[in-house]
Structure formats: C-alpha cells, structure tokens
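Have a look at the structure below, then the notes.
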Amino acid sequence: MPEDRATIFAAGLLLPVSSPGIRDGALLVRNRRITGIGTLADIGRENPDADVRYFPHYTMIPGAVNAHAHLGFRRKDAPEGGTFSGWLARLIERLTEKEAWTAEAARDSAREAIEAGTTFMAESSPYGECLPQLAESGLAGTVYAEFFPHELGTPEEAVEFIVNKVRKLREGLPERVDAQVSVHSPYTVDPESSRLAARRTRAEGGRLAIHLSESPEEVEFVRDGTGGLTDIFGSNDWGGVGVSPVRYAQSIELLAPQTVAAHLATRVSEEDIEILARTGVAAAHCPRSNEFLGCGVSPVPQMMERGVRVGMGTDGLWSSPSMNLFEETLFAVKLHGMNGATGLRLATLEGARALGIEAETGSLEVGKWADLALVEAPPDAEDPGREVLEVAANGGVAATVVGGNPIYGRISDSTR
C-alpha cells in the first residue's frame, strides 16, 4: 500500500505502556508513524477510508527494545559456562572457525528476535561485522562496533581507525539503522584508547557501548591486576588500579549519559550505583547470560531506585538460551520480584530510554514510529503485563511490525 495511506492496527487490548490500557484499542498509522490512538470505534469513525487490521482476541504492545545483544553466535557448539575467563578463552580459540558461519548466525539470530516481538536492537560485534545482517533484517537498530587496540597500533591510531570505520559503516544504511563505537571492556581496551574513544564519540554527538563489571575475573583484573583476564589477546598490563570497574571506568571518562554499560553483574556497590546515577550512564541487564557465566546478580532494583536508566538485553546465543527479550525479561521479573507492568516497561520503554531513543520508540504514542507486537494474550487477563510477558516468552508473539511495516506474522488479518 502507499506509504501515506492510513492504516488502523487494533486489538482486543492495547497496552501503550506509557498510558493506561485501552479495550478494543487502535492505532492510526500514516507514513510509518502513529498519528492517532484511542478506541477502535473512535479512530475508525474519524478515519473511514483507512485500512483496518483488527485482532479482537489479542493484545497489542510496543515492540521489544533489546539494549544489548550479539547477533553473530549460534546455539551449536557453544562453549560451556562456568567461569567467565574459561568461557572467553574457549570463545577466542574458535574465532577463526567462527568467521565461516558468523553471517548466517547473525541472520538467524535477527530472525529469532523478530519472531519474538523485537523491533529495535542494540547489537555489538567486532568492528561492526554484523551490521549487514541487522540492516537487511527489517529491524531498526544500532550496531556498536567493538575495537581492539592491540591490533591497531597506538591509542591514537586505534581510535582514528574505529571512528573512520564507523563513518564508513553508516554509508547507505536504511533509515533507522545506525553504527556507533563500542569500547569493548576494561580488560581488552587500554585506558588511553578508552578515554580517547569516549571523548571522540561524545564530541561527534555519538553514543558508546561497553561491557562493565560483568564478571569476578574482571573485578580481579581491574582491582588487583591478576586472574584469568590478564592475558586476554596477549598481555594486558594496565590492571591493578585498586578500585572497582565502575570507578575505573569513571576515571577514564567512559561514563556519561551517552553510554550504555552492559551487565553490571559483579560486586556493584552502593558507591558504584551512586557513580552510575551521578554520571547518567545507562545499564543493559542480561540476567541469563550473567547466570550462565557465574557472574552474579545485577542490583537492578537499587539502580532503578537511584534513577539509573535500565533496559533489558539478551546477549548472544553462546551465553544465553534465546534471542527472546520477553523471555529474558520474565526471568528478570522472577529474579527481582517485579510486577508484570514493570517488566513490560523494562522490555520496551525503559530499553528505549537506556538507548536515548525514547522520543522515537518504546511506547505507543502519537508521533512515535509504529513499532509494535501482537501477542496471543487474552484481552481480559487479570494482570495484563504479566500475562503478556508469560505468553510472549513462550512463543506467543503472532506478529511484529516495525515502522508500520509487518515484518513477521503467522495469523490472518481481520480486515475491513
């Protein structure tokens, strides 16, 4: 249909997340964005010429926003969990053979995420290698290009390389796909390269992704300069600074409102939370990966109480069982004793806030992109948020729409 043709998406229950639910609720979509919201009766009466797609027995929600993912992994032959450094060492041993199947894995992971209701993804991969697969998938999203200075020369040379690489990656991308820089971690990127990358990224109006305080081994490396991460990719000689990874990251200028820090799972103290809140950094919570790798439990409720923006992330299939963000979120809800409404908000609007895109997506509001998922949750559920999470976590997403464009669906429209 022509892009300017009005379409009404309606369901037995509409959960905008940012406002109360609407029985027999409807969205008016034109030019890929939401231009009206209300009951189907009102929206239909005011727009008699619009195409109508009505699903009376389903619940419509914003699409999931995955705040931290790795597309280029597959379930097959994943390294065993246990210690983080042991898992990472086995992963590094397989990097050469992994090159042959990374692109296929990225396509499959993106498709799995779409079929689970994801509409926006923040993906991290070495030098942005999974950008082509994200761009062709139909998802909106950002690929954070990780760089490893030991391969690139001096800190100045390394940062210049990754900044120029990201500029080239942005050429010719679909409208809602972008590339940014990732300082991979405190144990792979030296302090000066990290500092320079953060400064350049912010100076150019960009955003930054990092892995931070993910494992006991990372804490040991940063604090004591010892442990299983001291010889990752050769020799790292900048550890042993006597502070937590969060304090270390602050000291080298990594923490800012434009930064999203993934995991924050190990020994994140009250002082660390205060630093996160004061610097405005956002967090991506990946609880299943943390559990699989023995990394601990992120203090998400305490961070949220202090005003830290927290979104949900799946990580990748070598450390997590699926790319289903609602399944990840349900795990977090049970882990932290949250209610369903909070969980649904974490999977959608809070993820958008963590990534700085809440004005564009994450909830169903006039002016935002028409990013939504249709879930086989009955409209009359006693706890709609929890019901949606339960159903979506168990394969109950019936359709996924990105910018008004259905990119997945396994039901027939009820149209008129």
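Highest mean first, how do 331-338, 295-302, 17-24 rank when packing is the count of other Cβ atoms within 10 Å averaged over residues?
295-302, 331-338, 17-24
Would you mind pulling out the separation of the Cα centroids of region 327-383 and region 265-311, in Å?
19
Give, rounded to the nearest 20 debye, the magnitude of the charge dipole that region 57-109 has about its Cα centre when Lys and Arg contribute +1 at Cβ and Asp and Glu contribute -1 at Cβ.
Around 100 debye, computed over region 57-109.
Tell me the angle of helix 102-115 to the major Cα principal axis of the chain, expressed in degrees between 0 and 90 and rounded to the nearest ten.
It works out to around 40 degrees.
Measuring from label point to label point, each 7 Å out along Cα→Cβ, what is the residue 235 to residue 39 span in nm?
Computed distance between label sites residue 235 and residue 39 equals 7.4 nm.
Ranked highest first by average number of other Cβ atoms within 10 Å, how do 398-405, 148-155 line up?
398-405, 148-155
Which of the lysines could a cross-linker span from residue 98 if the Cα-Cα distance has to be under 20 Å and same-chain partners fewer than 8 positions apart are dropped?
Hits, sequence-local ones excluded: 76.
For the chain, with the dipole built from +1 on Lys and Arg beta-carbon atoms and -1 on Asp and Glu ones, taken about the Cα centre, which of 394, 61, 341 lies farthest toward the positive end?
Of 394, 61, 341, it is 61.
To test your reading of the geometry: what angle, between 0 and 90 degrees and rounded to tens, separates the Cα axis of helix 155-169 from the longest principal axis of the chain?
It is inclined by approximately 20 degrees.
For the pair residue 224 and residue 175, what calculated FRET efficiency results from E = 1/(1 + (r/R0)^6), where r is the Cβ-Cβ distance and R0 = 45 Å, to the nearest 0.05?
For residue 175 and residue 224, the calculated efficiency is 0.45.
Charges only on Cβ, +1 for Lys and Arg, -1 for Asp and Glu: so what's the dipole of region 88-194 about the Cα centre, in debye to the nearest 20? Working shown, then result.
Numbers: 10 positive and 20 negative charges, 46 e Å.
Rounded to the nearest 20 debye, it is 220 debye.
By how many degrees, between 0 and 90 and to the nearest 10, does the Cα long axis of helix 384-393 differ from the longest principal axis of the chain?
That works out to roughly 60 degrees.
Relative to the compact-globule scaling 2.2 N^0.38 Å, provide the ratio for the alpha-carbon radius of gyration of region 64-355.
0.91
Tell me which of 194, 310, 149 sits at the most positive position along the dipole axis of region 64-355, charges placed on C-beta atoms (Lys, Arg +1; Asp, Glu -1).
Toward the positive end, the furthest listed residue is 310.
Could you check the simple spin-label distance between residue 306 and residue 278, using points 7 Å along Cα→Cβ, in nm with one decimal?
Here the modelled spin labels are 1.0 nm apart.
To the nearest 20 Debye, how big is the dipole of the chain about its Cα centre, given +1 on the beta carbon of each Lys and Arg and -1 on that of each Asp and Glu? Don't skip to the end; give the middle numbers.
Values: 39 positive and 59 negative charges, 158 e Å.
Charge dipole, the chain, about its Cα centre: 760 debye, nearest 20.
Per residue of the chain, what 222 nm ellipticity follows from adding -39500 (n - 2.57) for every DSSP H run with n ≥ 4, rounded to the nearest 500?
-10000 deg cm²/dmol
For residue 264, enumerate residues with amide H under 5 Å from its amide H, sequence gap 5+ or separate chain, H modeled in the peptide plane.
Answer set, sorted by chain and number: 212, 214.
Can you tell me what share of the DSSP beta bridges in the chain is antiparallel? A percent to the nearest 5 is fine. Intermediate results must be reported in sequence, preceding the final value.
Values: 27 of 67 bridges.
DSSP beta bridges in the chain are roughly 40 percent antiparallel.
Since every read-out is calculated from the coordinates, none of them should be taken as a lab result. Source: prediction; values computed, not measured. Positions of Cβ are generated from backbone atoms using ideal geometry, with glycine treated the same way; all protein chains shown enter the neighbour counts.
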